[in-house]
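Values in this text are rule-based calculations from the coordinates and carry no lab data. Worth saying up front: this structure is predicted, and the values here are computed from it rather than measured. Positions of Cβ are generated from backbone atoms using ideal geometry, with glycine treated the same way; all protein chains shown enter the neighbour counts.
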Amino acid sequence: MKRFLGSGGMPSSHAAMVTSLSTSIALTEGLESSIFALSVIFSAVVMYDAAGVRRAAGKQARVLNQIIANKGEINIQEKLIELLGHTPLEVFVGAFVGVLSGVIFYNIWN
């Protein structure tokens, strides 16, 4: 459960979850529905955040951890988490898994 809710790694569970949601909405409500448009925008924001903002924060954490490790006089209780975001490939694979799972579950339940 920690891996599912956590950050970073292959594939992006965040991308998979939001694209599965959008796929399910597209299949049940239609591509022209306003709720589908909203879900696509929501998905884009989540995936942009995963590959952009959180990935940059992870890189900054890595640099800060290196600085702290090289400066003995800095007293930090815990290391910063470095695996925060995703590479574009991890987001793409997560999105593919999400679309696939959305289609599979739609066909199982209908």
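Of the listed peptides 97-105, 12-20, what is their order by residue-averaged count of other C-beta atoms within 10 Å, with the highest listed first?
12-20, 97-105
Whole-Hz ³J(HN,Hα) for each residue in the range 94-110, computed from phi via Karplus 6.51 cos²θ - 1.76 cosθ + 1.60 with θ = phi - 60°, x for glycine and proline: what do you get?
The phi angles translate into x, 5, 4, 4, x, 5, 4, 5, x, 5, 4, 5, 4, 5, 5, 7, 10 Hz.
Can you work out the FRET efficiency for the pair Ile108 and Ile35, with r the C-beta to C-beta distance and R0 = 25 Å, to the nearest 0.05?
0.70
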